[in-house]
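Take a look at the structure below.
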Amino acid sequence: MKEKKGKKIIITLAIAIVFVLFVGYGIEVFNPSADRDDYCPKDVWEIQEEQSCLDAGGLWMDEKTPVAEGARRYCTEPASCYESYDQARSRQDKIVFIAAVVIGLLAVLGGLILHKDIAGTGILSGGLLVIFYGTVRYWSHADKVLKFILLGIVLAILLWVTYKKIEKR
């Protein structure tokens, strides 16, 4: 009996994990993440000459260093490229969040509706993990009020699901 229970737990976890990977990869396929190389010049760190750096779209740094005598000169990526890249990542993370919450909530409800205990529990668990994944991706971009509201909504839904579906069984 213990062996059968262990197998059920393992397959339930496998369904949950593969579901999360499937959803995460699906979101990436249909809405790819921003690529830093599209916003920032490539390989500027290796450039040793000021004009070559500027021609490549880099920013030439000429720093006086107190530790070493002389100056430290190097090519770097301009700050503006990081700002553009961060804006693109923020948009992407918002889309991931919205898609993950919608798909995750549907999976939680679907997992409750399924009459097969292992599959239902796996899908339900995967749905919760997808919601967690989407929330983590967007968390750094959301303000405090939005974070509070989001957590409150998810908590209310989880309590409702527990009361209406799980506790009545």
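The table below lists the values:
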item: Test: Tyr85 is aromatic (Phe, Trp, Tyr) and without any contact (Cβ under 8 Å) to a residue 24 or more places away in the chain; result: no
item: Members of the stretch 79-92 that are surrounded by 18 or more Cβ atoms within 10 Å (Cβ to Cβ) and polar (S, T, N, Q); result: Gln92
item: For Pro41: the one exception among (1) of a type outside the set (Asp, Glu); (2) assigned to a loop (DSSP other than H, G, I, E, B); (3) out of contact with any Asp or Glu (no Cβ under 7 Å at 6 or more places or on another chain); result: (3)
item: Inter-residue pairs, beta-carbon under 7 Å, first within 28 Å of Asp117 (Cα to Cα) and in the stretch 139-166, second hydrophobic (A, V, I, L, M, F, W, C), 6+ apart; result: Val154/Ile131; Ile157/Leu105; Val161/Val108; Val161/Leu112; Lys165/Leu112
item: Counted residues, the stretch 105-116 - those being free of Cβ contacts under 8 Å to residues at least 40 places away in the same chain and either polar (S, T, N, Q) or crowded, with 21+ Cβ neighbours inside 10 Å (or both); result: 1
item: The one condition in (1) surrounded by 15 or more Cβ atoms within 10 Å (Cβ to Cβ); (2) of a type outside the set (Phe, Trp, Tyr); (3) free of Cβ contacts under 8 Å to residues at least 40 places away in the same chain that Ile95 fails to fulfil; result: (3)
item: Output for the stretch 22-55, where each listed residue is surrounded by 13 or more Cβ atoms within 10 Å (Cβ to Cβ) and of a type in the set (A, V, I, L, M); result: Val23, Ile27, Ala34, Val44, Ile47, Leu54
item: Pair list, Cβ under 6 Å, 6 or more apart: the stretch 60-80 residue closer than 14 Å to Glu50 by Cα, other residue at pLDDT below 80 and among the hydroxyl-bearing types (Ser, Thr, Tyr); result: Arg72/Thr65
item: Thr121 being in contact with a Leu (Cβ under 7 Å, 6 or more places away or on another chain), among the polar types (S, T, N, Q) and surrounded by 15 or more Cβ atoms within 10 Å (Cβ to Cβ); result: no
item: The stretch 94-152, residues that are in a helix (DSSP H, G or I) and acidic (Asp, Glu); result: Asp117
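The rows are residues; the columns are (1) of a type outside the set (Asp, Glu); (2) in the same structural domain as Gly134 (by TED's automatic domain parsing).
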site	(1), (2)
Val29	yes, yes
Glu46	no, no
Glu49	no, no
Cys53	yes, no
Gly57	yes, no
Met61	yes, no
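The values are calculated or read from the model by the stated rules, or taken from the named source; none is laboratory data. Since the structure is predicted, the reported quantities are computational estimates derived from the model, not experimental observations. No Cβ is skipped: glycine too gets one built from the backbone with ideal geometry, and neighbour counts run over all protein chains shown.
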